[in-house]
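Single-structure report; data block below.
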Ligand SMILES: [Zn+2]
């Protein structure tokens with residue numbers, strides 16, 4: 001596992017200049033942390049999750065083919081976390097958790113952030129959909145609380161990968177949205193916000209990874225809700241506990 005740092009400071013920003021400087025700094029820091037991206041890969045992979053032999057996962061790009069037998073949600077930008085026990089549509093919510101092997105849990109995004117979690121001790125997993133509403137409602141922390149309640153997960157055993165979403169470069173928001181994040185900002189950095197929430201919940205910083213990419217900027221690779229307002233596609237991200245039986249892992 002490579003040592004990937006994702007330093008972030010929550011700064012008191014007052015003037016416009018300071019704000020611009022802080023945003024430029026965040027962008028620079030995001031570049032340092034980015035997970036490697038395999039060219040032409042339909043599903044991007046996190047090194048930190050790939051290092052767990054019992055986990056199968058992927059962050060879909062716009063070229064990803066559809067997967068079958070997924071647990072899915074009707075996503076409503078909430079902080080609702082559901083325990084997945086079967087494939088198919090499980091209801092309304094924005095995060096799924098499970099400890100069932102051979103059951104792929106999934107979420108769909110286009111600009112919002114897909115976040116995948118794995119509890120290496122108890123072998124439990126989570127797939128989280130975090131847009132600004134979910135992030136403001138601390139959905140990633142609520143997911144960890146649900147994993148704790150359902151599977152005895154402790155945050156120190158969690159590995160987390162923050163997938164591709166809209167970057168601070170392109171995510172301009174209005175005052176009322178910015179206020180949800182307690183700062184006078186014009187651009188939101190949801191990757192960093194979620195990173196901070198993971199750390200606040202007790203996930204070790206060295207267990208957290210993020211792609212330093214922007215779904216809006218990279219039109220070739222990603223769908224973007226903001227860029228393709230009329231007909232945005234959705235990218236599926238999934239995580240699964242590999243089945244224990246059988247000599248070979250099934251290919252997806
Ligand atoms: Zn961008």
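Throughout, read-outs are computed from the coordinates displayed, never taken from laboratory work. All figures in this text were calculated on a predicted structure; none of them were measured in a lab. Please note: Cβ atoms are built from the backbone with ideal geometry, for glycine as well, and neighbour counts cover all protein chains shown.
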If you split all Cα-Cα distances of the stretch 165-252 into 10 Å bins from zero, what percentages do you get per bin, shortest first?
14, 31, 33, 16, 5, 1
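List 199, 175, 193, 145 from most exposed to least, where exposure is judged by having the fewest other Cβ atoms within 10 Å. Please report the intermediate quantities before stating the final value.
Numbers: 199 17, 175 9, 193 23, 145 14.
Exposure proxy ranking, most exposed first: 175, 145, 199, 193.
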Which of the peptides 159-166, 44-51 is most tightly packed, and how do the rest follow, judged by the mean count of other Cβ atoms within 10 Å per residue?
159-166, 44-51
Mind sorting 181, 223 by how few other Cβ atoms lie within 10 Å of their own Cβ, fewest first?
181, 223
Distribution of pairwise C-alpha distances over the stretch 16-241, 10 Å bins, in %
9, 36, 39, 15, 2, 0
When only alpha-carbon atoms count, how far does the stretch 56-131 stretch along each of its three principal axes, as whole angstroms with the largest first?
31, 27, 22
